[in-house]
């Protein structure tokens, strides 16, 4: 039977934990906010770039850009975007599981991995997969130069013929409560991917200014542009940028999803702590009451004895 | 009928820098500066490293653009820049320090280990930053004229 003091200690310890989880929840909420803003801020660029690509594509007859070269998929590179830290529910475990599924599903191919995020790296390294590179401590605050660096490495490996295809696996940010695991092919670039609309509703309440509607309407009617440089040259220079923005977007999504996952995990942890404290307090009071009752009985029966 | 204004949008991967109605835009095209007035023919160009300026009424604003692309339509100009900064955002002290660093590096040209292209590019960047910052009016007096590299 735990004593009163034991209960007091337990309750205090749970309270401390609750304070930590609550603080983490608020931190995650603030970071989520920032990450979401970044996702929104990155959209106009992606949208305009697609528009230019589309228009340039119509002018280019032959797609023989090295980033579009299709080869039989012998050697495949996978970018795994996880978090750098834990305490975010099943976020990291899910990405890693998805990555494993992907890898196991391709037994006859040579596979290379580049984890982004410490958690993914540690897990994959333990499983003895070959890591061709790693980027850690970049997912909490995603900046464009980092995306550019990752993209540059991937592009270099691809154009050198070291890899035949590049995929990314990451958590797409659907809403605060929902992350969707996504496997996407980054390279070779499919010309059809420009025809798809720019990344739209990832979380609904984006600032959809006047620019959005007008540029969407414009995309319908092809304009006959004057090209300062040849369309092919512009197209060729845009493609690496396109890969960069794809990586950047995935990183932003993953980062936002991570903060969202952490926020929800910490929220439920805080709630659980509240529940636990309630239960412990109830037990403690019962024990206290039982002790008092016992003492009264002892006093009363002792008095009866002497009387 | 020609449109009276140009809708200027400058976007970088990280943010939307400018979204305004303007009367005139100058772009640092890869093959030279381009002046755009409302009603310009549709055009797509690559951009170099340089100064972007736009006029709103009688006021002229400056920004710096680091490579990218521009799409021009009769009533709008969309600039996709890898990086862009408004004149008033430029950190002049940092740009000065960068210029000195790059100049020092380029001065010791015998030393084989310096990355020539990188240093030249850094110097270019610093110079254009200082130039644009000066035009931005913030500290015009402090920035002395500097010979081109």
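The values are calculated or read from the model by the stated rules, or taken from the named source; none is laboratory data. Predicted model only: the values in this text are computed from it and were never measured. Cβ placement follows ideal geometry from the backbone for every residue including glycine, while neighbour counts extend to all protein chains displayed.
Mind telling me which of the residues B:41, B:102, B:19 ends up being closer than 26 Å to residue A:244 by Cβ and within 14 Å of chain A (Cβ to nearest Cβ)?
B:19
In this structure, does residue A:93 turn out to be modelled with pLDDT under 95, in a helix (DSSP H, G or I) and within 16 Å of the chain's Cα centre (by Cα)?
Against the criterion (modelled with pLDDT under 95, in a helix (DSSP H, G or I) and within 16 Å of the chain's Cα centre (by Cα)), residue A:93 qualifies.
Among (1) at pLDDT below 90; (2) more than 20 Å from residue B:123 (Cα to Cα); (3) loosely packed, with under 14 Cβ neighbours inside 10 Å, which single condition is residue B:35 missing?
(1)
Taking residue A:152 and the conditions (1) modelled with pLDDT under 85; (2) assigned to a helix (DSSP H, G or I), which numbered condition does it fall short on, given that it satisfies the others?
Every condition holds for residue A:152 apart from (1).
For the condition part of a helix (DSSP H, G or I), surrounded by 14 or more Cβ atoms within 10 Å (Cβ to Cβ) and in contact with a strand residue (DSSP E or B) (Cβ under 9 Å, 6 or more places away or on another chain), what is the one hit in B:133, B:102?
Answer to the selection: B:133.
Table: residues versus (1) closer than 19 Å to residue A:240 by Cα; (2) within 16 Å of the chain's Cα centre (by Cα); (3) not assigned by TED's automatic domain parsing to the domain that holds residue A:165.
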residue: A:40; (1), (2), (3): no, yes, no
residue: A:77; (1), (2), (3): yes, no, no
residue: A:120; (1), (2), (3): no, yes, no
residue: A:127; (1), (2), (3): no, no, no
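Out of the residues in segment B:110-122 that are in a loop (DSSP other than H, G, I, E, B) and out of contact with any helix residue (DSSP H, G or I) (no Cβ under 8 Å at 6 or more places or on another chain), state the one that is modelled with the highest pLDDT.
Of everything passing the filter in segment B:110-122, B:115 is modelled with the highest pLDDT.
Among the candidates A:82, A:13, which residue alone is on the phi < 0 side of the Ramachandran plot and in contact (Cβ under 8 Å) with a residue 12 or more places away in the chain?
From the options A:82, A:13, the qualifying one is A:82.
Would you mind finding the one in A:205, A:228 that is within 14 Å of another protein chain (Cβ to nearest Cβ) and at pLDDT below 85?
Among A:205, A:228, only A:228 is within 14 Å of another protein chain (Cβ to nearest Cβ) and at pLDDT below 85.
Among the residues of segment A:121-143, is any within 14 Å of chain B (Cβ to nearest Cβ), touching a helix residue (DSSP H, G or I) at 6+ places or on another chain (Cβ under 8 Å), surrounded by fewer than 19 Cβ atoms within 10 Å (Cβ to Cβ) and modelled with pLDDT under 90?
yes
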